1. For Gly83, what residues show an amide H to amide H distance below 5 Å, using hydrogens built from the backbone and excluding near sequence neighbours?
2. Nearest 5 is fine: what % of DSSP beta bridges in the chain come out antiparallel, could you say?
3. Return Asp21, Asp123, Asp145 ranked ascending by Cβ neighbour count within 10 Å, so the fewest neighbours appear first.
4. Which entries in Lys60/Lys101; Lys112/Lys198; Lys76/Lys197; Lys50/Lys223; Lys223/Lys268; Lys120/Lys174 show an alpha-carbon gap greater than 31 Å?
5. Along the charge dipole of the chain, which of Ile53, Gly83, Tyr69 sits closest to the positive end, that is, farthest toward it, with unit charges on the beta carbon of Lys, Arg, Asp and Glu (+1, +1, -1, -1)?
6. Restricting things to alpha carbons, tell me how big the chain is in terms of Rg and Dmax, in Å.
7. What list of ³J(HN,Hα) values in whole Hz, one per residue of segment 113-122 in order, does the Karplus curve 6.51 cos²θ - 1.76 cosθ + 1.60 (θ = phi - 60°) give from phi, with Gly and Pro shown as x?
8. Using alpha-carbon pairs under 8 Å, 6+ residues apart, how would you state the relative contact order of the chain in percent?
Amino acid sequence: MDVLCVGLMVCDIIIQPVDKDVFEVDSTRIDTLKITSGGDSLNAAINMEKLGITAGLIGKVGNDVFGEYLIHEAQKYDVITSGIIKSDEYSTSTSIVLVDKSGERHFAYYGKANDSLCVKDVDIKLLNEANMVHVGSAMALNNLDGSGITELFKMAKSLGKLTSMDVTWDSSDKWLEKIEDALHYTDIFMPSYDEAKKITGLDKPEDMKEFFRNYGLKILAVKLGSAGCYITDFSDEYRIKPFKNIRVIDTTGAGDAFVAGFLTGFIKGFSLYDSGVLGNAVASQCVMKLGATNWKMTLNEVMLFISDNK
C-alpha cells in the first residue's frame, strides 16, 4: 500500500445555490441537491486511487445507511476499507454543504463519529503495509489531535514510514497547541494559507517556511486557494500559479484534491515543482465539478491537461 489515510469520513449533503438571506425567508427553492462522500481523509484516499496510488483508509462511521454509503463509495474506487470502524454509539458524521452562487461553501457539521476516532482504532497490520501515513484532518479529530497524532506518527516512524499531515479549520482556536508535538514527527505538512497563518502568526509563506524549519519537516506545501500554492523543501522554494480559464462550480474538497495530487507526484518521484503543479491540476479538476470527488480523470489525462494548459 502506498498511503494509509487516517481521519475524517463525512457524508456531504450538498445544496446549491443558497443565498445569504436563506434564514430570512420561509422557503427557498434550490437547483441542486446531491449526496456525496466527503471528509479530508476519505477524499484524499479516493482521489489518490483515481491517480493510480494504492490507498487505505482508517476512520469511523455509524452503523447506519450513511456509513454504508461511505464505505461503498470508498470501495468503488478500490480504497482498502478494512480499517474502517462501525460505531453503534454514534451516527455517521454528516455535513450540510451550502454552496453560494460563486461556488464558495459553508458547512453545518455533525461529527461525533469522527470525534471518537482514536489511536487505538488504528489497524497495526495496515500501518505495517503502508509506505506513508497521512492524517488528513488534524484540528478536527478530538481524540487524535495532540498526543494521538504524535503517538501514531511515532509508531509510523519506528516502522520506517513517511508521515504526512493536512489540517482543517480549528473551531476551538488552539491551532499550534493541537499539532505542535506531532510536527516533530511529520515529513510533509500541507496547510492552507489561512490555517498556516493561524498556526504561525505570520503573513508570508516565506516566513512560515522559517517557522516550520525548526520542526524538521522535509516539505512544506501551503495551499493558496485561487493563487495556487507555495512549496518548499527548505532548500528550494516555489510559488506555483493556478491554471487559468477554470470554471469554478464548487470548491468543496479542493484542498484534499491538491493533497492527493501532490502526494501522487511525490510518491512517483516527480520533482518538488512538478508535484506542486500536479496538485494544482487535480484541484482544478475538482472545483469544476459538484462535490469533493466527482472529477473523472486518470493520471495520464491530468498530465495531458497540464501539457495543454502550460
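Laboratory data are not the source of any read-out in this text; all were calculated from the coordinates shown. Please read all numbers here as calculations on a predicted model, not as lab measurements. No Cβ is skipped: glycine too gets one built from the backbone with ideal geometry, and neighbour counts run over all protein chains shown.
1. Leu57
2. Working: 21 of 48 bridges.
Taking every DSSP beta bridge with both residues in the chain, the antiparallel ones total about 45 percent.
3. Lowest to highest Cβ neighbour count: Asp21, Asp123, Asp145.
4. Beyond 31 Å between Cα atoms: Lys60/Lys101; Lys76/Lys197.
5. Ile53
6. Answer for the chain, Rg first and Dmax second: 18.2, 57 Å.
7. Result, rounded to whole Hz: 5, 5, 4, 7, 5, 9, 5, 5, 7, 6.
8. On the way: 712 pairs, mean separation 51.9, N = 310.
For the chain, the relative contact order is 17 percent.
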